[in-house]
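Asker: Structure incoming, see below.
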Amino acid sequence: MSQPIPFSDRNFKLAVVQELMYNQDLLPRFDLSEYAAEQGFTYDSGSVEAIPEALAYFEALAVPAELAEKITELDMDGGNEIYLEIAPNWDGEDGLFDVVEFADVRHFPNLKSMTLFYTGDDAALEALRARGIEADWL
């Protein structure tokens with residue numbers, strides 16, 4: 001296995017993992033209820049907050065660099081599996097999964113399209129477009 005991709009923004013990493021794990025099935029699927037049973041912790045399934053153990057799992061997850069070329073689009077959506085595995089009842093009304101740093105795009109040469117949670121940072125959108133990425137707010 002090659003070196004893992006060094007991410008600088010946790011939420012950008014989560015968008016990548018959503019694509020690789022749940023959309024393309026290239027990483028083993030994470031299931032919060034199974035993980036909680038294996039690790040021996042309980043959580044509030046009605047919580048809109050991030051479950052710390054789930055967040056820690058994804059923060060520690062190594063994404064092999066050879067998978068970077070498989071990323072052509074990233075679609076952030078409140079219904080994405082990864083967000084619901086981390087915060088089971090997250091309603092999208094806060095900035096929990098907002099990307100604030102886009103330096104990580106440099107690892108993804110084939111990334112052509114991104115749909116982002118709205119942050120109001122139009123300069124970031126323009127910077128992505130300047131790199132040839134079709135970027136829009138959700």
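The values are calculated or read from the model by the stated rules, or taken from the named source; none is laboratory data. Please read these numbers as outputs of a predicted model, since none were measured by experiment. Glycine gets a Cβ as well: all are built from the backbone with ideal geometry, and neighbour counts include every protein chain shown.
Asker: Can you tell me which residue within the range 1-36, out of those that are out of contact with any Lys or Arg (no Cβ under 9 Å at 6 or more places or on another chain), surrounded by 18 or more Cβ atoms within 10 Å (Cβ to Cβ) and of a type in the set (Phe, Trp, Tyr), is nearest to Thr115 (Cα to Cα)?
Answerer: Among them, the one singled out is Phe12.
Condition check ((1) out of contact with any helix residue (DSSP H, G or I) (no Cβ under 6 Å at 6 or more places or on another chain); (2) not small (Gly, Ala, Ser)) across all residues:
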| residue | (1), (2) |
| --- | --- |
| Glu34 | yes, yes |
| Gln39 | yes, yes |
| Ser47 | yes, no |
| Leu67 | no, yes |
| Ala123 | yes, no |
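Asker: Continuing with this model, one more query. Please enumerate the residues belonging to the range 13-62 that are in a loop (DSSP other than H, G, I, E, B), among the aliphatic types (A, V, I, L, M) and at pLDDT 95 or above.
Answerer: Across the range 13-62, the qualifying residues are Leu26, Leu27, Ala50, Ile51, Leu61, Ala62.
Asker: Further question: Which residue is surrounded by the most Cβ atoms within 10 Å (Cβ to Cβ), if the candidates are limited to the range 52-106 and must be within 22 Å of Gln24 (Cα to Cα) and free of Cβ contacts under 8 Å to residues at least 12 places away in the same chain?
Answerer: Leu84
Asker: State which residue is nearest to Gly79 (Cα to Cα) when the search covers only the range 107-137 and only residues that are crowded, with 16+ Cβ neighbours inside 10 Å and aromatic (Phe, Trp, Tyr).
Answerer: Phe117
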